[in-house]
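This report concerns only the one structure given below.
The values are calculated or read from the model by the stated rules, or taken from the named source; none is laboratory data. Nothing here was measured: the structure is a model prediction, and the numbers come from that model. Cβ placement follows ideal geometry from the backbone for every residue including glycine, while neighbour counts extend to all protein chains displayed.
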Amino acid sequence: MGEEAENTSKRKAPDSSAVEEPSPPASTAQSQAEADPAAKRRSLARSCVHEVAVPNGYAAAKDEAVHGTLASPEFNGEMAKQYPFKLDPFQSVSIACLERNESVLVSAHTSAGKTVVAEYAIAMAFRDKQRVIYTSPLKALSNQKYRELSQEFTDVGLMTGDVTLQPNATCLVMTTEILRAMLYRGSEVIKEVAWVIFDEIHYMKDRERGVVWEESIIFLPPAIKMVFLSATMSNATEFAEWICSLHKQPCHVVYTDFRPTPLQHYVFPIGGSGLYLVVDENGQFREDNFGKLQDSFSKQNNQLDGRKGGGPKASGRIAKGGSASGNSDIYRIVKMIMERKFQPVIIFSFSRRECEHHAMSMSKLDFNTEDEKECIEQVFRNAISCLVEEDRSLPAIELMLPLLKRGIAVHHSGLLPIIKELVELLFQEGLVKALFATETFAMGLNMPAKTVVFTSVKKWDGDTNRYIGSGEYIQMSGRAGRRGKDERGICVIMIDEKMEMSVIKDMVLGKPAPLVSTFRLSYYTILNLLSRVEGQFTAEHVIRNSFHQFQYEKALPEIVQKITRLENEATLLDSSGETDLAEYHKLGLDISELEKKIMSEMIRPERALLYLVPGRLVKVRDGSTDWGWGVVESRCRSRRGG
């Protein structure tokens, strides 16, 4: 990072209970941890890692007796907000960083309690008579946060593309796009803001919308301090160094990998029977069970080989979808979950169509009592009363009520906003027992369940049909297990083909992917920069200060070293056979030219007719135009002019 290089210090947060309980001898402590997994989890609960990126020449003007040091922040003053429970170490350290009036990135698992840190920053803004902005990636998450914060604080506003409530409030909840628009506009509100909270900051790696986060951070005034809430990511320190370099202010990183509710991960072979525990609640991979899972696929394949014409289990894709007959795999899993009292359950699919299809296949199941059905109908009628009469008869509205009354719901971005909000409210109140959702439901919505089911472990990402990454799996599986309600959460993965052990290990136990910038200069950005005062900000300024450029410059020395090493290796290569190699290359080019001539002769019309059999795949070219692949339906000879 050149002259502006940051210094980072790293420490483990202190054990707040170390003074109260004397430590046993090392051998005793080790044997207890091995004998009692819960003891190991309690030990993990008390630990976190703290790092800080500091700009060169920065002098912290804080009373160490009250605020501790940069490397070891510790707040001993009067809290802006009191909590009825004992704070976890990572929460205490994060709050100490906030009280130092310095930015902080909190990286922790879903349901670990990151919201406590955000609420404290808001409480500080109210105490100090300053404004605070809470941004989220989704409108649904903004709506939920607005409801939660309105119960906690008195003056809260909401700004999304759909709704604006109390735009002059002390605490404003909005989507990140709204914040970016305010920054481009030069809104007066920004001048009064002391804190900006970025929820789900790991969303910055999204190829479509990630640039919004980068631009918002770049254009924020340096005086504003930031709170970043993120799922676990492997390069949190690098992100903090970028913030430090960009705004010339310290940025702390507080990381914990403790999960309040341990998870058990099961695999269900589609078309088979039984669940196979592959990762237990202590994070141990069960290779014996994985071997049994692979054997079950071998047995299925042997049965299919002996079955003529296939059948309902001939394809995992067909069996997975099933029908309303009650024999589909999804139906059986949901029914089993309800019988064992493992509800509520979230069933994740990677397409809207699959979500709706699976929900409709549950027609024989009913999870609600008569009182719950009456309550749901009343809430539903009240919710749609704001719609005009014609809209209330839309299929998207009418088809939802019968599902909701049976405790089943669908949640994806294609639903009407009023229906999405209704589903979220009913799920929070426990009136929806089985929710079929896309992965957007896992993006920060505070709606945990006891069980999570994956209908597939492959998704289409716009380019390829790939296995979901470990970060995506962690985000969605993190919805399983409700803190304070469940001893453990349950994840069920449905697969329709054999998987390598390394693939499922990397998915379930792998490290989260690093946050990699997807920055690009869009037309929207360029037009907004042109509309600003000349010389204030330029496209070069945005590119130079982007996280993408920061990562590139940081990796540059290593790339230069690699180039130098390869060049040195090239000079050591034996060049005595260079003449023979050149001759070999020339012969290869000659062969290619001859093959082209042979092919052009083979596909002459009088010869090609022999191969143009109906049903054959052909690639059609006409001069320089490539028409691509097609199927021969029929052929006929053209009549020659006489």
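Summary of values
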| read-out | value |
| --- | --- |
| The listed residue being in contact (Cβ under 8 Å) with a residue 60 or more places away in the chain and surrounded by 15 or more Cβ atoms within 10 Å (Cβ to Cβ), out of Ile224, Ile190, Ile201 | Ile201 |
| Condition broken by Lys129, with the remaining ones in (1) basic (Lys, Arg); (2) out of contact with any Asp or Glu (no Cβ under 8 Å at 6 or more places or on another chain); (3) crowded, with 23+ Cβ neighbours inside 10 Å satisfied | (3) |
| Pairs with Cβ under 6 Å, 6+ apart, first in the range 610-633 and closer than 15 Å to Met599 by Cα, second hydrophobic (A, V, I, L, M, F, W, C) and in a strand (DSSP E or B) | Lys619/Trp629; Val620/Trp627 |
| Residue within the range 411-434 that is touching a helix residue (DSSP H, G or I) at 6+ places or on another chain (Cβ under 8 Å), surrounded by fewer than 20 Cβ atoms within 10 Å (Cβ to Cβ) and without any contact (Cβ under 8 Å) to a residue 12 or more places away in the chain present | no |
| Criterion: assigned by TED's automatic domain parsing to the domain that holds Ala223, more than 19 Å from Trp195 (Cβ to Cβ) and under 31 Å from the mean Cα position of the chain (by Cα) - qualifying residue of Pro73, Pro55 | Pro55 |
| The range 244-253 - residue that is out of contact with any Ser or Thr (no Cβ under 6 Å at 6 or more places or on another chain) and not polar (S, T, N, Q) and, of those, surrounded by the fewest Cβ atoms within 10 Å (Cβ to Cβ) | Lys248 |
| Enumeration of residues in the range 496-514 that are under 21 Å from the mean Cα position of the chain (by Cα) and either in contact (Cβ under 8 Å) with a residue 60 or more places away in the chain or closer than 16 Å to Gly291 by Cα (or both) | Val503, Ile504, Lys505, Val508, Leu509, Lys511, Pro512, Ala513, Pro514 |
| Hits in the range 149-160 - residues which are over 21 Å from Glu188 (Cβ atoms) and either of a type outside the set (Asp, Glu) or without any contact (Cβ under 8 Å) to a residue 24 or more places away in the chain (or both) | Leu149, Ser150, Gln151, Phe153, Thr154 |
| Tally, over the range 68-107, of residues that are within 19 Å of Ser47 (Cβ to Cβ), outside any loop (DSSP other than H, G, I, E, B) and out of contact with any strand residue (DSSP E or B) (no Cβ under 6 Å at 6 or more places or on another chain) | 6 |
| Every residue from the range 153-177 that is among the β-branched types (Val, Ile, Thr) and surrounded by fewer than 20 Cβ atoms within 10 Å (Cβ to Cβ) | Thr154, Val163, Thr164, Thr170 |
| Residues within the range 344-363 that are hydroxyl-bearing (Ser, Thr, Tyr) and surrounded by 19 or more Cβ atoms within 10 Å (Cβ to Cβ), tallied | 2 |
| Candidates Thr256, Thr261, filtered to the one that is in contact with a Cys (Cβ under 8 Å, 6 or more places away or on another chain), crowded, with 21+ Cβ neighbours inside 10 Å and under 25 Å from Ser470 (Cα atoms) | Thr256 |
| Residues within the range 264-296 that are surrounded by fewer than 19 Cβ atoms within 10 Å (Cβ to Cβ), among the aromatic types (Phe, Trp, Tyr) and touching a Pro at 6+ places or on another chain (Cβ under 9 Å), tallied | 0 |
| Single residue of the range 376-404 satisfying the filter (of a type in the set (Gly, Ala, Ser) and within 33 Å of the chain's Cα centre (by Cα)) that is surrounded by the fewest Cβ atoms within 10 Å (Cβ to Cβ) | Ala396 |
| Residue that is farther than 25 Å from Arg209 by Cβ, in contact (Cβ under 8 Å) with a residue 40 or more places away in the chain and among the β-branched types (Val, Ile, Thr), where the choices are Ile493, Ile559 | Ile493 |
| Asn568 vs. criteria assigned to a helix (DSSP H, G or I) and touching a residue at least 24 places away in the same chain (Cβ under 8 Å) | no |
| Total residues in the range 556-580, condition modelled with pLDDT of 90 or more and among the hydrophobic types (A, V, I, L, M, F, W, C) | 5 |
| Output for the range 49-67, where each listed residue is in contact (Cβ under 8 Å) with a residue 24 or more places away in the chain and either part of a loop (DSSP other than H, G, I, E, B) or exposed (fewer than 14 other Cβ atoms within 10 Å of the Cβ) (or both) | Pro55, Asn56, Tyr58, Ala60, Lys62 |
| Sole residue being closer than 22 Å to Glu339 by Cβ, not charged (D, E, K, R) and not assigned by TED's automatic domain parsing to the domain that holds His202, chosen from Gly481, Gly462, Gly471 | Gly481 |
| Complete set of residues in the range 330-343 that are surrounded by fewer than 24 Cβ atoms within 10 Å (Cβ to Cβ) and not polar (S, T, N, Q) | Tyr331, Arg332, Ile333, Lys335, Met336, Ile337, Met338, Glu339, Arg340, Lys341, Phe342 |
